Amino acid sequence: MEKKLKSHGAWIGKWTFILAATGSAVGLGNIWGFPYKAGTNGGGAFVLIYLLCIVMIGVPIMISEIIIGRRAGNSPINAMKRTAMQSNTSPLWKLVGWSGITAGVLILSFYSVIAGICLNYIFIAALPSDALSSSDQFGAVIASPYNLLFWHTVFMLLTFLIVSAGVKNGIGRMVKILMPMLGFLLIFMVIYAMFNGAFIRTLEFLFAPDFSNVTAETFLSAMGQAFFSLSLGMGSIMAYGAYMPKDQKVVPTSFTVASLDTLVAMLAGLAIFPIIFAFNLEPNSGPGLVFVSMLSAFNQMQFGQIIGAFFFILLSIAALSSSISLLEPGVAYLSEEGFLSRKYSALAISFFAWSLGIGTALSFNVLSEFNLTPGRNFLDSMDFIANQILLPLGGMMIAIFVGWFMKKELITNEVGYVNQIIYKLWRFFIKFIAPISVASIFISQIL
Ligand code: TRP
């Protein structure tokens, strides 16, 4: 007899899942992470590998996560356990859910610090700028531990408040208008950059791959970025899938979410690099890239203070609609098991992530010389452990589970009617291509 777990409620309407999943996928990963990682990894070749990872690994795994989540209607831990038991295999598959929740906490801890910088930039962009150049401005922002910790706390509090309000009230609502607005503003920035920045050079940088500098690490970094950007490998999409109406089609929905996510990342690259090149800034300058380049643009632009503030408001909201999905799987688990109420579950996990985030906030200043793992400071270590190890590993296990262990009928029931060729292709990708690609990228890294 299966234990009865508390239910979380479902989303009403066809668009809510797409909006929520897109809200989860589109965030700092696209606008902060993608450009700076493309920049530090040399551009075009990274972008190409990233796109391949989205198509060959990301989309098939997204379909799988939704199938498992919706089938079970529970948090990732119980969804994995339940689906495994119904497929007559070991309940230990729930460990995938546990590793996901761990990854979620690690990611949330640094995500909140970066999102806090976005909140801070709303005011920096809005207030008349003093003599500081935009790179000095970024330097000043990260030099102060108190400043970073303050905004980190504000952002984590907002995340906590929304998740404790619950999926129906908190999460579904705010993405509807704000996500499209962010899209329009990004398109506006791309057009601005086209006329005022080094646009051709950007196209070359992003889309003319130079394979001479590609190493095993480029692959790992691009794959990690693909998982991160699509919110895969830790159960965010699985947890959201649990609230998806049964009549919604899994495959087209996954394609929609992945396309929107990729579009936003590309737009961000096209908005940011022309400015970087026009101002002779370094494309490989790291995590400050988006802040420095966008502020330079807003400082030059008419109505830049208003447009700039608006940009950082929307970016903060995009970050918030992602951070809630990092918290949701763990909260769903604790509350459906009845260990704690939703509110206290959210409080416990966000407090833990907040404490861990202090390390990231300090890695920009007082702890900048401290390496948590060899050659990596606190932020880089968190990013490395979560994005480049836990997410791909989680994703690979999900692919192996759905490809080799999950009962066929359970899968076909969830997928519903779909073009047979597409179904067969997906099966092939999830059985072979996705797990083998992840495994070989791991192995090549070790060798
Ligand atoms: N995808 C989000 C971004 O690009 C971040 C995010 C939300 C995430 N949920 C996740 C990353 C789950 C990895 C796993 O900003």
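The values are calculated or read from the model by the stated rules, or taken from the named source; none is laboratory data. Keep in mind that this is a model prediction, so the values were computed, not measured. Virtual Cβ from ideal backbone geometry, glycine too; neighbours counted across all protein chains shown. Just so you know, the surface numbers come from the protein's heavy atoms only, side chains and all, with ligands and any DNA or RNA stripped out. Shrake-Rupley method; radii C 1.70, N 1.55, O 1.52, S 1.80 Å.
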**Item:** Pick from segment 50-69, criterion away from the ligand (no atom under 16 Å from the Cβ) and open to solvent by 10 Å² or more (accessible area, probe 1.4 Å), ranking: nearest to residue 276 (Cα to Cα)
**Value:** 52
**Message:** When you check residue 409 against the structure, is it part of a helix (DSSP H, G or I), open to solvent by less than 30 Å² (accessible area, probe 1.4 Å) and either without any contact (Cβ under 8 Å) to a residue 40 or more places away in the chain or not aliphatic (A, V, I, L, M) (or both), yes or no?
**Reply:** no
**Message:** Condition check: buried (at least 21 other Cβ atoms within 10 Å of the Cβ) and among the aliphatic types (A, V, I, L, M). Does residue 309 satisfy that?
**Reply:** no
**Request:** Out of 349, 317, report the one residue that is under 30 Å from residue 126 (Cα atoms) and open to solvent by 10 Å² or more (accessible area, probe 1.4 Å).
**Result:** 317
**Request:** Within segment 292-306, track down each residue that is surrounded by 18 or more Cβ atoms within 10 Å (Cβ to Cβ) and aliphatic (A, V, I, L, M).
**Result:** 292, 294, 295, 297
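This table checks each residue for (1) within 16 Å of the ligand (Cβ to nearest atom); (2) open to solvent by less than 30 Å² (accessible area, probe 1.4 Å); (3) part of a loop (DSSP other than H, G, I, E, B).
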| residue | (1), (2), (3) |
| --- | --- |
| 7 | no, no, yes |
| 17 | yes, yes, no |
| 21 | yes, yes, no |
| 24 | yes, yes, no |
| 31 | yes, yes, no |
| 34 | yes, yes, no |
| 39 | no, yes, no |
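Quick grid of which residues meet (1) more than 16 Å from the ligand (Cβ to nearest atom); (2) more than 23 Å from residue 199 (Cβ to Cβ); (3) assigned to a helix (DSSP H, G or I); (4) in contact with a helix residue (DSSP H, G or I) (Cβ under 9 Å, 6 or more places away or on another chain):
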site: 246; (1), (2), (3), (4): yes, yes, no, yes
site: 254; (1), (2), (3), (4): no, yes, yes, yes
site: 265; (1), (2), (3), (4): no, no, yes, yes
site: 282; (1), (2), (3), (4): yes, no, no, yes
site: 291; (1), (2), (3), (4): no, no, yes, yes
site: 296; (1), (2), (3), (4): yes, no, yes, yes
site: 324; (1), (2), (3), (4): no, yes, yes, yes
**Request:** Filter segment 271-291 down to the residues that are aliphatic (A, V, I, L, M) and open to solvent by less than 20 Å² (accessible area, probe 1.4 Å), then identify the one that is farthest from residue 191 (Cα to Cα).
**Result:** 289
**Complete:** Scanning segment 379-413 for residues that are hydrophobic (A, V, I, L, M, F, W, C) and touching a Phe, Trp or Tyr at 6+ places or on another chain (Cβ under 7 Å), the one farthest from residue 34 (Cα to Cα) turns out to be 401
**Prompt:** Does segment 217-226 contain at least one residue that is within 15 Å of the ligand (Cβ to nearest atom), open to solvent by 10 Å² or more (accessible area, probe 1.4 Å), among the hydroxyl-bearing types (Ser, Thr, Tyr) and on the phi < 0 side of the Ramachandran plot?
**Reply:** yes
**Item:** Any chance residue 99 is open to solvent by less than 10 Å² (accessible area, probe 1.4 Å) and within 15 Å of the ligand (Cβ to nearest atom)
**Value:** no
**Prompt:** Any idea which of (1) closer than 14 Å to residue 21 by Cβ; (2) within 16 Å of the ligand (Cβ to nearest atom); (3) not charged (D, E, K, R) is the one residue 250 doesn't satisfy?
**Reply:** (2)
**Prompt:** With respect to the numbered conditions (1) touching a residue at least 40 places away in the same chain (Cβ under 8 Å); (2) open to solvent by less than 40 Å² (accessible area, probe 1.4 Å), which one is the sole condition not fulfilled by residue 381?
**Reply:** (1)
**Item:** Which numbered condition residue 11 misses (of (1) assigned to a helix (DSSP H, G or I); (2) in contact with a Phe, Trp or Tyr (Cβ under 8 Å, 6 or more places away or on another chain); (3) surrounded by fewer than 24 Cβ atoms within 10 Å (Cβ to Cβ))
**Value:** (1)
**Fill in**
Filter segment 101-156 for residues that are closer than 17 Å to residue 304 by Cα and part of a loop (DSSP other than H, G, I, E, B); the one that is modelled with the lowest pLDDT is 130
